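Asker: I have a structure here, written as structure tokens, and I will follow up with some questions on it.
The values are calculated or read from the model by the stated rules, or taken from the named source; none is laboratory data. None of these values were measured; they are calculated from a predicted model. Neighbour counts are summed over all protein chains in view; Cβ atoms, including those assigned to glycine, are modelled from backbone coordinates with ideal geometry. When the accessible area is computed, the model is the full protein with side chains, heavy atoms only, and any ligands, DNA or RNA have been set aside. Shrake-Rupley method; radii C 1.70, N 1.55, O 1.52, S 1.80 Å.
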Amino acid sequence: MKIAFVGKGGSGKTTLSSLFVAYLADAGLPVLAIDADINQHLAVALGATEEEALSWPTLGDNMALIKDYLRGDNPRIPDAASMIKTTPPGRGSRLVRPFEDNPVFTACFRQLGGIRLGVTGQFDEDDLGVKCYHSKVGAAELLLNHMIDVDGEYVVMDMTAGADAFASGLFTRFDVTFLVCEPTVRSVGVYRQYADYARDFGVRLVVVGNKVTDAEDVEFLQDQVGGALLGWLSASAHVRAAERGAARPIAELEPRNLKTLDSMRTAVDEEQRDWGRYQRQAVEFHLRNAQAWAGADLVSQVDPEFVLSPRLTV
């Protein structure tokens, strides 16, 4: 399952994603996490030091390697330079499994407490006025377009805040999208915007409340988002300790909050991916990008007879 965490800036999106990733890892489940938020705090939230996090290799800095590896011997892609973030796989492309060993994972991912973690990279001074952050997140989008995960494998991405994911087809790459929502009008507004944009693409959007302090907060969220609300996390001494640099085992999270993580995993495990739709949406957004800015010649990168499927890795 591929899982995204989105929400308003400051809503606790990274906190929720780190708790969920730690919860899966504590259960002995294979989990690959990608930090695609411009703030790049996921590694620290999962227990790395600030120094370790800053030394982490990044997907954004290894875009050339990622492109060259994924294109394989696909005859529709003559060189790495011709690939863009939305380029879909075709016959001859290299497909990746989330827990295999390959040059991309060796260069860009590290193990942290039983979690395979990759980061897109920070927006640095050289990028100012020259690039947008999507130039880094595009590396993660390419990986997801070429990744085959199967039952019992979890790929979790901490996304950029707000509705920024809609700048490409990245928002369609997930089986479940958890939107972290505070009991505030502004946070609910981000939910409504996200829900409106995602409505026509079959996105499974699930709301998880955060920073809930009392019954009035719960009632507010229920009134505003209705059946989309799966559960909520209340004030947590466990989280506060982690934010002070004193991380605790996830099993010590408050029982009420652990129950919400249980519900989130159940929601994920109940999903069934439609691989045909997954491929069609990758193609759709690649064609949109080709026509809008990348060059109509990139339409030829689409292999109309190819469908991503677990059968291709057997």
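Asker: Positive end of the dipole of region 24-118, charges at C-beta (+1 Lys, Arg; -1 Asp, Glu), about the Cα centre: which of Pro75, Thr49, Leu95 has its Cα farthest in that direction?
Answerer: My answer, from the dipole projection, is Pro75.
Asker: Mind putting a number on the dipole of the chain about its Cα centre? Charges go on the C-beta only, +1 for Lys and Arg and -1 for Asp and Glu, and I need it in Debye to the nearest 20.
Answerer: Roughly 500 debye, rounded to the nearest 20.
Asker: Could I ask something else about it? Report, to the nearest whole %, how much of the accessible area of the chain belongs to carbon and sulfur atoms, 1.4 Å probe, protein only.
Answerer: For the chain, the apolar C and S fraction of the accessible surface comes to 49 percent.
Asker: Write down the accessible area per residue of region 1-85 in Å², having rolled a 1.4 Å probe over the full set of protein chains.
Answerer: Details: 3140 Å² over 85 residues.
I get 37 Å² per residue for this part.
Asker: Right, here's the next one. For a quick check of understanding: with a 1.4 angstrom probe and all protein chains in place, what accessible area in square angstrom does Trp232 have, to the nearest ten?
Answerer: Roughly 60 Å² of Trp232 is accessible to a 1.4 Å probe.
Asker: Using the alpha-carbon atoms, what tilt in degrees (0 to 90, nearest 10) does helix 13-26 show relative to the longest principal axis of the chain?
Answerer: 90 degrees
Asker: In nm, to one decimal, how far is the Asn102 label point from the Glu50 one, both placed 7 Å along Cα→Cβ?
Answerer: For the pair Asn102/Glu50, the computed spacing is 3.6 nm.
Asker: For region 30-183, what class follows from the C-alpha gyration tensor (a ≥ b ≥ c being the square roots of its eigenvalues): rounded when a/c is under 1.5, otherwise prolate if a/b is larger than b/c, else oblate?
Answerer: Cα axes put region 30-183 in the rounded bin.
Asker: What net charge is computed for the residues neighbouring Asp73, neighbours being all others with C-beta under 10 Å from the C-beta of Asp73, Lys and Arg scored +1, Asp and Glu -1? Display every interim value, and only then the final one.
Answerer: Numbers: positive: Arg71, Arg91, Arg94; negative: none.
Computed value for this residue: +3.
Asker: Let me ask something additional. Quick one: compute the contact order of the chain, relative version, from alpha carbon pairs under 8 angstrom and 6+ residues apart, as a percent.
Answerer: Relative CO of the chain lands at 27 percent.
Asker: Could you tally the net charge around Arg97, taking each other residue with its Cβ under 14 Å from the Cβ of Arg97, Lys/Arg +1 and Asp/Glu -1? Each step should come with its number before you reach the end.
Answerer: Working: positive: Lys2, Arg94, Arg116, Arg311; negative: Glu100, Asp101, Asp149, Asp151, Glu153.
Result for the local shell: -1.
Asker: If you count, for each residue, the other Cβ atoms within 10 Å and average over each peptide, how do 154-163, 238-247, 217-226, 22-31 line up from highest to lowest?
Answerer: 154-163, 22-31, 217-226, 238-247
Asker: Give the angle, between 0 and 90 degrees and rounded to the nearest 10, that separates the Cα long axis of helix 185-198 from the longest principal axis of the Cα atoms of the chain.
Answerer: The two axes meet at around 30 degrees.
Asker: Run lengths n ≥ 4 of DSSP H only: what is the helix-derived mean residue ellipticity at 222 nm for the chain, with -39500 (n - 2.57) per run over all residues, to the nearest 500?
Answerer: One gets -10500 deg cm²/dmol as the mean residue ellipticity at 222 nm.
Asker: So with the 1.4 Å probe, I'd like the accessible area per residue for region 197-314, rounded to whole Å².
Answerer: Per residue, region 197-314 has an accessible area of 57 Å².
Asker: Where Lys and Arg each count +1 and Asp and Glu each count -1, what net charge lies around Glu270 among other residues with Cβ under 11 Å from its Cβ?
Answerer: Taking every Cβ under 11 Å from that of Glu270, the sum is -1.
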